[in-house]
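A.B. asks: Here you go, one structure.
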Amino acid sequence: MTDPSLPPESEDPRVDMDKYFHHTELPNTRLSDALNGFIRRIGEAVSWLWIVLVVVIVTNVTMRYVFGEGRIEFEEIQWHIYSIGFLIGLSYCLEADDHVRVDVLHDRFNLRTQAWVEFFGILLFLLPFIALVLIYSVPYITYSMSLNESSEAPGGLPARWAIKSFMFIGFALLAVSAIARLARVCAFLFGGARAQPPAGSESA
């Protein structure tokens, strides 16, 4: 007997995820193309870290539960690789416009209103926040370097300043990505260029 709650065999049961993603294609500029190309190359290179992370996790679990030998170094390497991937991934995510939008009204706005929201959001919130992180991360990193800080755990990793430095690197790359996005928004708002609405939506 056929379950009426299931889709007919003629229908594709797979979920069309495209309808849940709303990418407004803003016009490109020479500046945004150069900066976004730089961010994409870094993001694609760093994406291989996730494979390394899986290998490290599997190795650590195997050593712990098969050979009964846990290693603090492997646990800390896991955290470090994840931190690097996350921090570098921020800029790549903004470049691809794949970050999570918390503004539930965004999709209800027309393209020009969306662009104004992004313009003021980048200028008044994102860039000042990035500037604060960059400014305060410098003494945080240099102090760690001056102490030659290492892990407090027995057998932990040395040179903790190296992983802390990725806070500065990650947010510096995020600033580059934000400037590229701002250039595209400005091209649409002030340069007369047209933006392409998301698939399935209406342009204003």
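The values are calculated or read from the model by the stated rules, or taken from the named source; none is laboratory data. All values derive from a computational prediction rather than experimental measurement. Heads up, the Cβs are rebuilt from the backbone with ideal geometry, glycines too, and the neighbour counts pull from every protein chain shown.
A.B. asks: Exactly one of these conditions fails for Ile84: (1) modelled with pLDDT of 90 or more; (2) β-branched (Val, Ile, Thr); (3) over 20 Å from Ala175 (Cβ atoms). Give me its number.
C.D. replies: For Ile84, the failing item is (3).
Yes or no, residue by residue, for (1) of a type in the set (Lys, Arg); (2) touching a residue at least 40 places away in the same chain (Cβ under 8 Å); (3) surrounded by 15 or more Cβ atoms within 10 Å (Cβ to Cβ):
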position: Ile39; (1), (2), (3): no, yes, yes
position: Ile42; (1), (2), (3): no, yes, yes
position: Leu49; (1), (2), (3): no, no, yes
position: Val58; (1), (2), (3): no, no, no
position: Thr62; (1), (2), (3): no, no, no
position: Tyr65; (1), (2), (3): no, no, no
position: Glu69; (1), (2), (3): no, no, no
position: Ile77; (1), (2), (3): no, yes, yes
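A.B. asks: Now a separate question. Checking the condition farther than 12 Å from Ile39 by Cα, touching a residue at least 12 places away in the same chain (Cβ under 8 Å) and either surrounded by fewer than 17 Cβ atoms within 10 Å (Cβ to Cβ) or among the small types (Gly, Ala, Ser) (or both), which residue from Ser165, Ser177, Ser150 passes? Before you say what the answer is, go through the steps one by one.
C.D. replies: Values: Ser177 fails: farther than 12 Å from Ile39 by Cα; Ser150 fails: touching a residue at least 12 places away in the same chain (Cβ under 8 Å).
Only one candidate passes the filter, namely Ser165.
A.B. asks: Under 25 Å from Phe125 (Cβ atoms) and either part of a helix (DSSP H, G or I) or touching a strand residue (DSSP E or B) at 6+ places or on another chain (Cβ under 9 Å) (or both): which single residue out of Arg40, Arg64 fits that description?
C.D. replies: Arg40
A.B. asks: Being surrounded by 13 or more Cβ atoms within 10 Å (Cβ to Cβ) and over 25 Å from Arg40 (Cα atoms) is true for just one of Phe109, Phe119. Which residue is that?
C.D. replies: It is Phe109.
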